[in-house]
Each structure stands twice: as structure tokens, then as C-alpha cells.
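Undergrad: The following block contains the structure, expressed as C-alpha cells.
The values are calculated or read from the model by the stated rules, or taken from the named source; none is laboratory data. Note that this is a predicted model, so its numbers are computed, not measured. Neighbour counts run over all protein chains shown; Cβ positions are idealised from the backbone, glycine included. The protein model used for the area step is the full one, side chains on, heavy atoms only, and it has no ligands, DNA or RNA in it. Shrake-Rupley method; radii C 1.70, N 1.55, O 1.52, S 1.80 Å.
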Amino acid sequence: MTVAYPRKLRGQLSAQDILDQVVRQREIHMVTINRYRFNEQRSCKDLTDLIERLDGKPRDLIKDLSHHVADEARHALWLTDLLYELGEDIGTPPGTSYIDEFERFISHDTITTAEDGIIESLAAINVTEKRGCEYFAAHIRALEKAEQTPENIKIRETIAQILPEEVAHVRWGNSKLAEIAKKSEALHAKVDTAKRKYAAIEQAAYESGMDVLAGAEVRRVENLMKIADTLPLWQRPQYLIDQLPQTLFSTELQKTRIDLVKRAWEKDPSSFVEKFIPMFFNANLKDTANKAGTY
């Protein structure tokens, strides 16, 4: 059976590479924590919507999902309290929303039965939880290497509270999907397809929020094609027709670029010309991340 793990950004930047840079820049660090808060908060809404769609069946899954909502709400609470105590923003974070992008890429045309819906929902939850675990673990390691200020210690302790519960969510998702796959060859194939599909969707959503450099539109189309490849042949043309306009002409991408340019220029006009412009057009994301410490 397919095992879906989070992949590096464009195959170059790991979560650890990114978080090692993030913890050195307080403004970006606070935005990152606020993104965690927003995603945990939004998960409560999405899980609740799923529970309502299932309408009480199967009972054991409803019970598990209700506990899952409680966990995510607690995580959002801890992160909100943390940001509040630090005097930081607790509004909607700037930039492209990972969750909005994830949901945009989903096509429901492959769902024909209630069991199909359960398989797809579990696969979607599972792959996003894995990304969360990867980031939380990398964040803790980055903070362990950083200066041990009271603020950094408090942030690390908060994330360390959340990580074990997220790991438990991943194990639960793996177990539920394996349980369904064992029922028949047909269900095994459906679980396998759902895992591949949502791994491609998650990677595309992840990179949409991280990659704003020149040529990002082309790379987004590449990711879109990878998602289309997981769909039945007859669904691919319509899916691409529906998704291509927003993928190629994302207003959120342009806003993020403008904001990034503005911040770099206001901070240091000289470095903007000498470092930022070459960095923006540099295709090597690892070099870009190292240089981005200036901003």
C-alpha cells in the first residue's frame, strides 16, 4: 500500500532548513506560529463539517472525530494564549492559505458512495497531519539550537505539548485506512488511490504558500498536473480546465510578492538591489533560504 510522507519544498528545502531560518527572524517566527494557530482552529470547523455530513454513522468514527475536534480546539487555544501573552497578532495570517489551497485542489467527482467519502476524508486528514508533525518536530529542534530566551523556551514548550497528540492523530489515520483497505481488494485500491491523490494535493497546497519566486506559476502548473495524474482519465480534462485559471493567475501570489518586495525595500534599499533581486530570480531555493536571513 502507498505510504505518503511530506516531501521537501521543490525537493530542496526540508522543514528543518526552513524552521532553522524562521526562528532567527522574530517577525516571521510570530507569523509562523499564527499560521499554526489558524490551521488548528480551521481544522475544528472542517472536522465538524465532516461529522455533520456523516450524520451519526459509522458511530465509532463519529466518536473518534469528536475527540479529534477537541484536540484541535485545545491546540488552537494553547497557541492563541501563547500569541496573546507575547502581544502578537491573533488574526488571519497574511499570505496564501494552506488550507484554502488544499480545499481548492480537491475534486469530489470520484466520490460515489458514503465509503468513498470516508476514505477520501481520512486520507486528506492523514496527509495534512503528517505535514503538521514534520513542522512541529522541526520547530522544536530549531528552538533547541536557538538562543534559550524565555520567549523561545515558552514557544518550544507549547509546541512540545501539541506534537504528541498530532502524532497520535497520524497513527489513528493510518490505522483506520488500513482497516478499510483490508475489507476487499476494491477498497484496498481505493485507499491506495486516495493516499496518492491527497499526497499530491497536499504537496501542491504546501508549495503554493511557500514558493513565491519567479516562475512559481509554472511550478504550480507542474503540481496541478501531478494531481490530475491521480484522477480517472475522463475526469482530467475538466479538472484542468477548472483549476488552471486560478493556478496561473493567483491574485494572492501577486499580493504576497508585492508585500515581500515592499518589506525588503523598506528595510534596506541597498541590500534590496544587491541581494533581494538576485535572490528572487534564483532557482535554487536552498541558497534563497540562506540569503533570506537578511530579511
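Undergrad: Would you calculate the separation in nanometres between label points at Q25 and T149, each defined as 7 Å from the Cα along the Cα-to-beta-carbon direction?
TA: Placing both labels 7 Å beyond Cα along the Cβ direction yields 1.6 nm.
Undergrad: What is the distance, in nm, between label points placed 7 Å from the Cα along the Cα-to-Cβ direction at K226 and at H67?
TA: Between K226 and H67, the simple spin-label model gives 3.3 nm.
Undergrad: What's the carbon and sulfur percent of segment 101-167's accessible surface, probe 1.4 angstrom, rounded to a whole number? Mind showing how you got there, number by number?
TA: Working: 1560 of 2800 Å².
The value for segment 101-167 is 56 percent carbon and sulfur by accessible area.
Undergrad: Same structure again: Using only the heavy atoms of the protein chains and a 1.4 Å probe, how would K190, K63 rank by accessible area, largest first? Show your work: numbers first, answer last.
TA: Values: K190 85, K63 130 Å².
Solvent-accessible surface, decreasing: K63, K190.
Undergrad: On to the next question. Pairs of Cα atoms under 8 Å, at least six residues apart: use those to get the relative contact order of segment 93-171, whole percent. Walk me through the numbers on the way to the answer.
TA: On the way: 28 pairs, mean separation 25.2, N = 79.
Reported as a whole number, the value is 32 percent.
Undergrad: To continue, here is another question. When the accessible area of segment 11-97 is split by element with a 1.4 Å probe, what percent falls to carbon and sulfur? Display every interim value, and only then the final one.
TA: Working: 2320 of 4400 Å².
Whole-percent figure for carbon plus sulfur exposure: 53.
Undergrad: Now for a different question. List the relative contact order of segment 22-130 as a percent without decimals, with contacts defined as Cα pairs under 8 Å and 6+ residues apart. Walk me through the numbers on the way to the answer.
TA: On the way: 60 pairs, mean separation 33.3, N = 109.
Once normalised by length, the contact order is 31 percent.
Undergrad: Taking the full set of protein chains and a 1.4 angstrom probe, give the accessible area of T193 in square angstrom, rounded to the nearest 10.
TA: 50 Å²
Undergrad: What does the charge count near A189 come to, summing +1 for each Lys or Arg and -1 for each Asp or Glu among other residues with Cβ under 15 Å from its Cβ? Numbers along the way, then the final one.
TA: On the way: positive: K182, K183, K190, K195, R196, K197; negative: E115, D116, E120, E185, D192.
Overall, the nearby charge balance is +1.
Undergrad: To continue, here is another question. Any chance you could run the full-extension gain for Q238 through D55? It's 0.36 nm times the residue separation minus the Cα-Cα distance, nm to one decimal. Display every interim value, and only then the final one.
TA: Details: separation 183, 0.36 × 183 = 65.88 nm, distance 3.06 nm.
Length difference between fully extended and current span is 62.8 nm.
Undergrad: Would you tell me the accessible area of K57, worked out with a 1.4 angstrom probe on the heavy atoms of the protein chains, in Å² to the nearest 10?
TA: 150 Å²
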